[in-house]
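Any read-out appearing in this document is the output of simple, stated calculations on the displayed coordinates, not a laboratory observation. These figures come from a predicted structure and were not determined experimentally. With ideal geometry, Cβ positions are generated from the backbone for all residues, glycine too; neighbour counts draw on all protein chains shown.
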Amino acid sequence: MSLVLILLFFFISCGKKGPLKLDPPKLPVKIRTVQIRQVGTEIKLTWNYPTQLSDRKTRLERKKISKIRIYYASKKLPPKKFKKKSTLLLKLDHKKITAENNMFSKSIPFKTKKLDNKEHSFAIRYIYERKKSPLSPIVTIQTVIPTKPVTDLTIKKENKVIKLQWTRPVLNLSNKPIRHITGYRIYKKILKGPFHLVNKESVLREFYEDKDTGRDGEYFYRVSSVISKEIESEASNIVSVKVKDIFPPDPPSNLISFKSEDHIFLTWNPSEDKDLAFYKVFRKADSDPEFKMLADRLKQNFYKDTAVQKGKTYMYTVSAIDLKGNESKSSNEVREDL
């Protein structure tokens, strides 16, 4: 019996219609997004891995990634030419790659003269169970000689506010006058945690106030000069101060009231304290000798008082409480005759 007849008999006997379907291969797919920045004399690549293998069903297990390979070209190239002309710059053990907030990064140092208005292109692949992923998209950056880092960062604490101050750099790392600085980035960490960026928008002056001080511990800060969105200087000197939150929030402001037939509505400006926990509302009826707490643990900056009676006069005030339980002074008072 021929092989064809045997196979035909097998399919018929198994109730199959059509050829046997094979499972799709389970291969590593390419990294989709790579971010690139220049920090001082280093170029920093940041990426994340796909969540699935090529069959789109099997989850990628990061513990099975063994190596990272970084490819480099000294100018911008289209993908086909990059594959031919780029060089394998680094072979890295994946276990030694820095990870933060589920993102992986590698900083690559360059000599200062290699950064003077130069183009640099990179792509990444990884080894998963001895199988190579395709190359990631190519990322390119136009580098410059960065400014010298800030060296005179100072710190001062005034109640709940930490104030930083420094001097504007005027030279780059080649001791030439800098053309421009677009602002500064402020980095902060508490105790032994990692530094993280504090300001979403660049600080435009050589001064910064941090009001997010609701956690006890030692606060560390550093500053970088921003040349462009993708380029910043090396970090400044690090300054620190110990914080213990014993200071109450600022009192709520602009408390106002509106009356209706069966309720009185209160609203006020929200507190600007970063560690605000909630508000308390106090009320005093015309027959009461003093204010009594009416509502506690309010997250919103408004309140509707429905426990009122016609013909009575009511007065209200509000306070703010932070995460440490420190309570502010009372807001302004309002009065309503119902």
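Mean 1/r over all different Cα pairs, inverted: what Kirkwood radius does the stretch 253-337 give, in Å? Evaluated over the stretch 253-337, this radius sits at 13.1 Å. A Förster radius of 30 Å combined with the Cβ-Cβ distance from M103 to H180 puts the calculated FRET efficiency at roughly 0.55.
Cross-link partners among aspartates and glutamates for K95, C-alpha distance below 15 Å, same-chain residues fewer than 8 apart left out? Of all the aspartates and glutamates, those that pass the test against K95 - Cα under 15 Å, at least 8 places apart if same chain - are E61, E129.
Panel values: the chain, Kirkwood radius from alpha carbon pairs, Stokes-Einstein at 4 °C and 1.567 mPa s, translational diffusion coefficient 50 µm²/s.
Can you tell me the relative contact order of the stretch 20-143? Whole percent, Cα pairs under 8 Å, sequence separation 6 or more. Don't jump to the answer; show the numbers that get you there.
Values: 244 pairs, mean separation 42.4, N = 124.
Across the stretch 20-143, relative contact order equals 34 percent.
Among A320, A307, A235, the largest mean-square fluctuation in a Gaussian network model of the chain (Cα springs under 10 Å) belongs to A307. Legend: Rg and Dmax of the stretch 71-110, from Cα coordinates, 12.9, 34 Å. With helices as the sole contributors, the chain gives -1500 deg cm²/dmol at 222 nm; each DSSP H run of n ≥ 4 counts as -39500 (n - 2.57), and the sum is divided by every residue. Inverting the pair-averaged 1/r between distinct Cα atoms of the stretch 89-146 gives 13.6 Å as its Kirkwood hydrodynamic radius.
When you restrict to C-alpha pairs under 8 Å that are six or more residues apart and normalise by the size of the chain, the relative contact order lands at 13 percent. Figure legend: label point modelled 7 angstrom from the Cα of S202 along Cα→Cβ; residues of the stretch 36-63 with amide N under 16 Å from it are 37-40. Here K176 is the anchor, and the aspartates and glutamates within straight C-alpha reach of less than 14 Å, apart from those fewer than 8 places off in the same chain, are D116. Between Q309 and S287, the simple spin-label model (points 7 angstrom out along Cα→Cβ) gives 0.4 nm.
Most fluctuating residue of R62, R37, R168 in a GNM of the chain with Cα springs under 10 Å: which is it? Greatest mean-square fluctuation among the candidates belongs to R62. Over the stretch 253-337, Cα pairs under 8 Å with separation of 6+ residues give a relative contact order of 35 percent. For the chain, the longest principal axis of the Cα atoms and the long axis of helix 3-13 meet at an angle of about 30 degrees.
Across the stretch 185-200, rounded Karplus estimates of 3J(HN,Hα) from the backbone phi angles (6.51 cos²θ - 1.76 cosθ + 1.60, θ = phi - 60°) give 10, 9, 10, 9, 9, 10, 6, 9, x, x, 5, 9, 6, 8, 9, 6 Hz, Gly and Pro being marked x.
The spacing between the stretch 247-283 and the stretch 42-111, judged by their C-alpha centroids, is 51 Å. Using the structure shown, list the pairs from K192/K280; K75/K200; K76/K229; K200/K244; K114/K189 with a Cα-Cα distance above 24 Å, or answer none. Violating the 24 Å Cα-Cα cut-off are K192/K280; K75/K200; K200/K244; K114/K189. Across all C-alpha atoms in the stretch 154-243, the radius of gyration and Dmax reach 13.6, 43 Å. Candidate cross-link partners of K242 among the aspartates and glutamates, defined by an alpha-carbon separation under 20 Å and a same-chain spacing of 8 or more, comprise D152, E158, E209, D210, D212, D216, E218, D273, D275, D322.
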